[in-house]
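Here's the structure, in structure tokens; my notes come after.
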Amino acid sequence: MDKIRILGGRPLHGEVEISGAKNAALPLMVASLLTDAPLTLSRVPGLADIDTMARLLAELGVDIEMPEKNGGGTLTLNAAALTSTVAPYELVRRMRASILVLGPLVARFREATVSLPGGCAIGTRPVDLHLAGLERLGARIVLEDGYIHASAPGGLKGAEIHLATPSVGATENLMMAATLADGETVLHNAAREPEIADLALCLGAMGADIAGAGSDCVRIQGGASLSGTHHRIMADRIEAGTYAIAAAITGGKVVLSGARAEHLAAPIDCLRQAGVTVEERNTGLFVAANGRLGAVNLTTHPYPGFPTDLQAQIMVLMTVAKGSSLIGETVFENRFMHVPELARMGADISVSGGNALVRGVERLRGAPVMATDLRASSCLVLAGLAAEGETVISRVYHLGRGYERIEKKLAALGADIERIAS
Ligand code: UD1
């Protein structure tokens, strides 16, 4: 297994191009199942999760053209001749977002069998809201031998659905299914993440009638048959936030080209409170910092709150801030697995339930550490960039799930970083 070696202490300088958003790309790829016409997506990031989704869709019989392999390229997906409505365990276990095929499959083909998902080891992460929502739309759901069997012989029917929690995946799954259901669906307490608005934009261009995506109430007039379209995927706000923190923690000056401030309001607010300069530019965001930053308290929440996907990264910034920072995690349980690894690098953090108290230290020290999940991996990279001496991160395959060419992008900004192939 590959490792990443970092020699810390170099300020980052220059410009980095933010890739297309993984969390927008995955549901957008799945949206191809809703039509028999080709759907073309551009700015698709070159990531392991994108390959996993492509493999899953190919398994169902979707014809996929990938002209620029692994290059953040353009994908054309055509689900005109599906051969299967079964998403097998072997593929679904690699990535939780595979559950997104359930709604579109049962909406268009009236049946679907999808393995119960695995994914990151961050809490139990059930799919009950996806299933209850589909039942409201008239699907019959049976759980058997680790598989979800959904059927709707007469097709789905629009309904009012109240989500107990604003789940991103459930909102996307149900929004896609509702575009082909008969009549109106209203999703209450919907998730408001920008990736949902991006999905709705694409579905709208395919002919769907959706209002309110990006707010907590989404209305879908279903029933129209959808066509293909060409959609450019939004920039990855989590990748952008991670590079902003990289600039801040190394005392550098970096332009995040393509990043959008309106998608990062809570993280930008937090960085500014800590003393980081963040300015909006025509082409993206400018981030700069100098010297030791101040401690800030924060709690993760569904969008527009502080994103859980940036919690591990901001925690690294707080490990070397002046003073103490209280960080609360409310979206996922068990999302502090990076804490013991950061402690190996000299961080002073105590965890109690969903809260972490971070007492800032002067400096982190390089150490051998192990990545446990996607965002925890990027936090160890940030810690390595800031630390004195050498950090070697093992199990870095998690990083390739969510960060396109991360070591190349960081090296181009002046970091001393290399991948060591096993
Ligand atoms: C998506 C993102 C992920 C991010 C998360 C929260 C993708 C591909 N992944 O994941 O990177 O960390 O949003 O911003 O977009 N829940 C239930 N029942 C359900 C579904 C969810 O109880 O049926 C709970 C989860 O356990 C969790 C919370 O709801 O505590 C939020 O999860 P959800 O928004 O569904 O996350 P994902 O869509 O899986």
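The values are calculated or read from the model by the stated rules, or taken from the named source; none is laboratory data. Computed from a predicted model, the values in this text were never measured in an experiment. Note: ideal-geometry Cβ built from the backbone for every residue, glycine included; neighbour counts use all protein chains shown. Side chains are part of the model used for accessible areas, which takes the heavy atoms of the whole protein and leaves out ligands, DNA and RNA. Shrake-Rupley method; radii C 1.70, N 1.55, O 1.52, S 1.80 Å.
Look at segment 301-322 and say how many of its residues are away from the ligand (no atom under 15 Å from the Cβ) and of a type in the set (D, E, K, R).
So the answer is 1.
Go through ALA247, ALA190, ALA200 for me and flag whichever is open to solvent by less than 10 Å² (accessible area, probe 1.4 Å), within 23 Å of the chain's Cα centre (by Cα) and within 16 Å of the ligand (Cβ to nearest atom). Steps first, please.
Working: ALA247 fails: within 16 Å of the ligand (Cβ to nearest atom); ALA200 fails: open to solvent by less than 10 Å² (accessible area, probe 1.4 Å).
The unique qualifying residue is ALA190.
Just need a number here: residues in segment 402-421 that are assigned to a helix (DSSP H, G or I) and buried (at least 18 other Cβ atoms within 10 Å of the Cβ).
The number of residues fulfilling the criteria is 5.
Go through segment 368-393 and give me each residue that's more than 16 Å from the ligand (Cβ to nearest atom) and open to solvent by 10 Å² or more (accessible area, probe 1.4 Å).
PRO368, MET370, ALA386, GLU388, GLY389, GLU390, VAL392
Quick check on segment 256-264. Is at least one of its residues open to solvent by less than 10 Å² (accessible area, probe 1.4 Å), within 25 Å of LEU7 (Cβ to Cβ) and modelled with pLDDT of 95 or more?
Yes, segment 256-264 contains at least one residue that is open to solvent by less than 10 Å² (accessible area, probe 1.4 Å), within 25 Å of LEU7 (Cβ to Cβ) and modelled with pLDDT of 95 or more.
Kindly indicate whether any position in segment 168-185 is within 25 Å of GLU59 (Cα to Cα), within 8 Å of the ligand (Cβ to nearest atom) and acidic (Asp, Glu).
Among the residues of segment 168-185, at least one is within 25 Å of GLU59 (Cα to Cα), within 8 Å of the ligand (Cβ to nearest atom) and acidic (Asp, Glu), which makes the answer yes.
Read through the list (1) open to solvent by less than 10 Å² (accessible area, probe 1.4 Å); (2) modelled with pLDDT of 95 or more; (3) of a type outside the set (Asp, Glu), then give the number of the only condition that VAL396 fails.
Condition (2) is where VAL396 drops out.
LEU41: touching a strand residue (DSSP E or B) at 6+ places or on another chain (Cβ under 7 Å), closer than 26 Å to VAL142 by Cα and within 16 Å of the ligand (Cβ to nearest atom), yes or no?
In short, no.
So, in segment 117-138, of the ones that are in a loop (DSSP other than H, G, I, E, B) and surrounded by fewer than 16 Cβ atoms within 10 Å (Cβ to Cβ), which residue ends up modelled with the highest pLDDT?
Step by step, filter segment 117-138, then rank; the result is PRO126.
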